Amino acid sequence: MPRHIWTNALATSAAIAIAGCGGSGDHLDVSGPRHVADIAVPNITAGVNFSFDIGAVSGSRYFFTDRNNASLDEIDIPSKSFVKTIQGTGPLAFTGLGPGPSSQTGPDGATPVGNLIYVGDVNSVKVVDPAVGVVTSKITVSTTGVRADEGCLDPTHGMFMISSPEETPPFATFINTATQTVVAKVTFTDSAGKPTAGLEACRYDAASDNFYVNVDGSTANPHGELVKLPGASIRAIPNAGTQNYTTLAGVAMYPEGNCDPTGLALGPGNDIAVGCREGTTGAPLLMQILDRSNGALVASLNAGGGDQLEYDPSTNRYYNAASRWTSSGNASTNGACSAASPCTPVLTIVDASNRSVVTRLNTGNNAHSVAVDPASGLIFLPYSSATSPAGCPSCAANGFVNGGVSVFAAK
């Protein structure tokens, strides 16, 4: 039986524990973050390159996007078991994989909106009703053949934001969740007149009525900036109108240094955490914590290399799906995992109170997506098979062989 090894990467706590895998997972009855189960996904086996993306918890279920099966996948949290793949039909079908680049595949982001799930896909947002397991509608945001990617919700004003990072220029679409119609678009051409390098995760802060989004790069900040978009300025755009981000009243751009940002999470107080996935060979893999009221850097940790980043208030911790972490803590060649420049994927857990790394737990290949259920304290990370994509020689040795969803306990 393969074994999952989870390690505390801090020098002061070098103890290693071993937990069994398979089914609902035999595991050591110990406290502290640990691996507890693996969940198989249909059609995902050894040697398969599992292409998945963002996940989220809604009620007692965990949902994540699955391009191999062209579906939104559903997992029951209490039983830690796979429930079903939700696949649309005809014009409501998800794009799935294809011969083109990742920008032409889907589904991508997944965001709970009330009892529904809004799912980014090529040219559109698909609306899923998980209660009946169907895609109920499609909201068109483009016709260029590239994806609408990651989104975030303003529940107070019923406004959903989703980014289209590969458009020229990139833009964000704002959707009225009551009518499921596009009410505004914000384009991202920087102050120098150049399209920004793309858009990553976004978050809405209800306390300040601001959207925040990671911008991959601009002329002023080529390796990333955090942009604050005032909600009132978005709502002031004429219905179905378009406005560039630099012209919005109250907009602010905060430099992120040599970051190449991905994930974003609202922490306690004014903290906002930025996951960096540096593309500069040998650069430290960082997680930055900024003051979201003014963009000041309050902490910089060697805890990056991930994609999705979540904050769980019940544990007061951040969880970073650091699929491109390395044994040195520095970026691999051009920031990509390969046989010649391998990665050692981990789930990095950070204490939000003292802004320090708690532990790093080994995860599976390309495990770049994470969701935390505050009710059960369970953490979910999909992962690919140990040999595909290339670049994770430790994955099989750590027991992550076939691909699927790994489950961890937060405490």
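Read the figures in this text as sums done on the coordinates, not as results from a lab. Source: prediction; values computed, not measured.
Some points to look at:
- Each principal axis of the Cα atoms in region 34-409 has its own extent, and those three values, largest first, are 55, 45, 40 angstrom.
- Candidate lysines for bridging to LYS126, where Cα separation is under 19 Å - those fewer than 8 sequence places away on the same chain excluded: LYS84, LYS138, LYS185
- Dimensionless Rg/Rh of region 222-343 - Kirkwood Rh, Rg from C-alpha atoms: 1.05
- Sequence-distant contacts, meaning Cα pairs under 8 Å at least 6 residues apart, place the relative contact order of region 34-409 at 13 percent.
- In Hz, Karplus ³J(HN,Hα) per residue of region 81-96 (6.51, -1.76, 1.60; θ = phi - 60°; x = Gly, Pro): 10, 6, 9, 5, 9, 9, 10, x, 10, x, x, 9, 6, 6, 5, x
- Fully extended contour minus Cα-Cα distance, from SER328 to VAL48, at 0.36 nm per residue: 98.0 nm
- Average projection area in nm² (convex hull over Cα atoms of region 135-192, one quarter of hull surface): 4.8
- For region 205-244, alpha-carbon Rg over 2.2 N^0.38 Å: 1.37
- Choice from GLY151, GLY304, GLY241 with maximal GNM fluctuation in the chain (Cα, 10 Å cutoff): GLY241
- Geometric descriptor of region 272-336, per residue, is 84 Å³ (volume of the convex hull of the Cα atoms).
- Distance from region 134-150 to region 337-377 (C-alpha centre basis), Å: 30
- Cα centroid separation, region 235-280 to region 26-87 (Å): 29
- Length released on extending from ALA178 to VAL134, taking residue separation times 0.36 nm less the Cα-Cα span: 14.0 nm
- Considering only the Cα atoms of region 329-411, their convex hull presents on average a projected area of 6.0 nm².
- Set of lysines near LYS411 by C-alpha distance (under 26 Å), chain-local residues within fewer than 8 positions excluded: LYS80
- 3J(HN,Hα) along region 296-313, derived from phi through the Karplus expression 6.51 cos²θ - 1.76 cosθ + 1.60 where θ = phi - 60°, amounts to 5, 7, 9, 7, 9, 10, 7, 8, x, x, x, 10, 6, 10, 10, 10, 10, x Hz, with x in place of Gly and Pro.
- Whole-Hz Karplus values for region 333-347 come out as 4, 6, x, 10, 7, 7, 4, 7, 9, x, 10, 10, x, 9, 9 Hz, taken residue by residue from phi with 6.51 cos²θ - 1.76 cosθ + 1.60 and θ = phi - 60°; glycine and proline positions read x.
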